[in-house]
Ligand SMILES: Nc1ncnc2c1ncn2[C@@H]1O[C@H](COP(=O)(O)OP(=O)(O)O)[C@@H](O)[C@H]1O
Ligand SMILES: [Mg+2]
């Protein structure tokens with residue numbers, strides 16, 4: 001019996017269905033990456049697994065039991081970080097730790113929180129409020145909070161999208177290490193095929209909405225540990241990347257599609273202030289987000 | 001208009017001068033019973049230069065009267081917040097509660113303090129001599145509570161789903177959900193309500209004191225009207241206005257602190 005199982009899951013928000021007939025089965029300890037266009041329903045899928053939303057049809061089962069609501073056994077890194085703005089970095093994580101490990105003595109609790117703050121390199125920002133942090137730093141707090149809960153399942157909704165390349169690869173390694181050490185089950189939503197190939201056992205594309213469903217899964221046969229630099233020259237890596245990319249493109253082949261060029265995230269500030277100026281990103285104003293009509297040919 | 005040095009001070013003084021000028025003209029021409037500014041100052045001087053004097057029950061320095069009023073307002077206002085905030089939370093949290101009580105709230109809200117006071121007095125007739133005080137407290141609380149109730153309700157409904165989701169994933173208990181998420185997220189709205197409520201509480205005190213004859217600025221105003229000392233009506237109005245202004249400023253400062261937090 002699979003550890004996490006979605007069968008025939010459909011979800012609508014009053015309009016046409018966002019998701020229909022989603023079937024997914026994860027073994028305990030499996031690392032699955034879900035890739036898909038923005039707006040196709042990836043966050044909705046994560047909310048259904050987290051129990052924050054209820055499916056209209058079908059069931060979500062964890063360890064054989066139907067998921068009736070959210071719980072700390074499924075740690076979520078929300079796409080928009082969802083830090084509580086009146087709590088400091090430390091307090092945000094401590095709130096989760098207090099709740100999940102109520103019996104831990106205070107000193108151990110504190111050490112636990114500090115450990116995860118250090119893991120995401122935020123020790124100097126320990127007592128800062130979220131609004132004093134850059135987007136990438138907030139994202140790291142959010143990752144630290146989910147990891148500190150030591151959940152059975154980690155649900156990561158584009159957790160590294162706002163990070164600079166350096167921090168991104170550090171946290172990729174960290175996620176892989178934690179997954180490898182505690183054999184957690186991980187569902188990673190990402191828009192970065194390379195990231196999916198680096199981390200996942202399996203990549204599943206989500207077809208574009210409305211009425212999105214999971215496509216055929218692509219097993220990532222690359223041996224672990226995977227070295228980011230070596231991978232780039234690995235023929236198998238190149239083959240898989242082409243496969244996944246083509247599968248995604250295939251969904252929209254010949255179809256007129258509106259693609260939002262830039263993923264918008266709240267208040268993203270440049271993460272690495274020492275980086276050369278050209279790599280600086282400024283959050284786009286709404287009118288600057290380009291919607292382009294593209295025709296993708298098969 | 002061009003900005004010049006000290007315009008923040010000079011322009012308001014010009015405004016005051018215009019109004020005092022109009023007042024002087026009125027009292028000199030068609031409103032013969034209206035005391036002139038000079039006469040008002042003359043007659044008010046003892047109350048201002050000895051603001052804390054106590055010459056008799058209804059003959060005290062103006063700040064002493066103000067103090068009595070403030071104490072009563074503080075009590076009524078505290079009552080309004082203690083009762084109003086939980087009601088606001090219930091309204092914000094429960095659709096059924098809103099459906100049940102919103103119509104009655106909308107009907108009671110516009111009722112004037114002058115209408116509540118007699119009811120307050122009747123309610124507390126059993127307390128004998130203290131009926132005036134309790135009636136006034138009741139009136140202040142009932143009238144001042146609405147902005148707190150409504151702003152808190154709006155604030156609770158505006159708590160972002162994201163914050164609630166964090167609480168749900170962590171399986172926070174109802175109590176922790178309230179203290180760790182709902183209250184901090186609602187605080188800025190609550191303080192807007194608190195500020196507006198304080199303004200109303202101060203409005204009501206005058207009416208309450210006039211009708212109950214309690215010592216205080218409002219009671220003083222009414223007594224001096226009956227005693228035909230019209231200068232002191234104007235003195236009272238100025239003091240009431242100034243105090244109201246200061247209270248509002250203080251609450252704004254407090255509110256701004258919570259807005260930025
Ligand atoms: N709570 C909701 N109410 C109404 N519509 C929603 C809600 N959540 C998501 N949607 C809609 O579902 C679709 C998929 O959204 P989402 O799951 O956030 O996509 P993704 O995460 O892949 O970008 C979008 O069209 C969005 O407007
Ligand atoms: Mg999303």
Residue count, the range A:80-96, condition more than 10 Å from chain B (Cβ to nearest Cβ) and in a helix (DSSP H, G or I), comes to 4
By residue number, the members of the range B:153-176 that are assigned to a helix (DSSP H, G or I) and within 11 Å of chain A (Cβ to nearest Cβ) are B:161, B:162, B:163, B:164, B:165, B:166, B:167, B:168, B:169, B:176
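Here's the yes/no breakdown for (1) without any contact (Cβ under 8 Å) to a residue 12 or more places away in the chain; (2) more than 19 Å from the chain's Cα centre (by Cα); (3) buried (at least 22 other Cβ atoms within 10 Å of the Cβ); (4) closer than 18 Å to residue A:79 by Cβ:
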{"site": "A:123", "(1), (2), (3), (4)": "yes, yes, no, no"}
{"site": "A:131", "(1), (2), (3), (4)": "no, yes, no, no"}
{"site": "A:189", "(1), (2), (3), (4)": "no, no, yes, yes"}
{"site": "A:231", "(1), (2), (3), (4)": "no, yes, no, no"}
Across (1) within 15 Å of ligand 1 (Cβ to nearest atom); (2) in contact with a strand residue (DSSP E or B) (Cβ under 7 Å, 6 or more places away or on another chain); (3) under 30 Å from residue A:180 (Cβ atoms), residue A:4 clears everything bar (1)
Those strands (runs of 3 or more DSSP E) completely within the range A:28-79 that have 1 or more residues that are closer than 19 Å to residue B:161 by Cα are A:74-77
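Conditions tested, residue by residue: (1) within 14 Å of another protein chain (Cβ to nearest Cβ); (2) within 30 Å of residue A:83 (Cβ to Cβ).
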position: B:180; (1), (2): yes, yes
position: B:194; (1), (2): no, yes
position: B:197; (1), (2): no, no
position: B:201; (1), (2): no, no
position: B:213; (1), (2): no, no
position: B:236; (1), (2): no, no
position: B:240; (1), (2): no, no
position: B:251; (1), (2): no, yes
Condition set away from ligand 1 (no atom under 16 Å from the Cβ) and in contact with a strand residue (DSSP E or B) (Cβ under 9 Å, 6 or more places away or on another chain), scope the range A:157-179, selection nearest to residue A:30 (Cα to Cα): answer is A:179
task = Please tell me if residue B:138 is within 16 Å of the chain's Cα centre (by Cα), within 14 Å of chain A (Cβ to nearest Cβ) and assigned to a helix (DSSP H, G or I).
result = no
Filtering the range A:97-112 down to residues that are touching a helix residue (DSSP H, G or I) at 6+ places or on another chain (Cβ under 6 Å) and within 14 Å of chain B (Cβ to nearest Cβ) yields A:97
_Taking the criterion of being away from ligand 2 (no atom under 16 Å from the Cβ), within 12 Å of chain B (Cβ to nearest Cβ) and assigned to a helix (DSSP H, G or I), would at least one residue in the range A:160-169 satisfy it?_
no
>> Just to be sure before I move on: is residue A:99 in contact (Cβ under 8 Å) with a residue 24 or more places away in the chain, surrounded by fewer than 21 Cβ atoms within 10 Å (Cβ to Cβ), part of a helix (DSSP H, G or I) and away from ligand 1 (no atom under 16 Å from the Cβ) in the structure I sent?
In response: yes
Quick count over the range A:21-50, residues being within 14 Å of chain B (Cβ to nearest Cβ), within 7 Å of ligand 1 (Cβ to nearest atom) and touching a residue at least 60 places away in the same chain (Cβ under 8 Å), is 1
On the given criteria, is residue A:93 modelled with pLDDT of 95 or more and within 16 Å of ligand 2 (Cβ to nearest atom)? no
Being within 30 Å of residue A:15 (Cα to Cα), more than 16 Å from ligand 2 (Cβ to nearest atom), touching a strand residue (DSSP E or B) at 6+ places or on another chain (Cβ under 9 Å) and away from chain B (no Cβ under 14 Å) narrows A:209, A:215 down to just A:215
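The values are calculated or read from the model by the stated rules, or taken from the named source; none is laboratory data. The shown structure was predicted, so the numbers you read here are calculated from the model rather than taken from an experiment. Cβ coordinates were reconstructed from backbone atoms using ideal geometry, including for glycine residues, and neighbour counts include every protein chain displayed.
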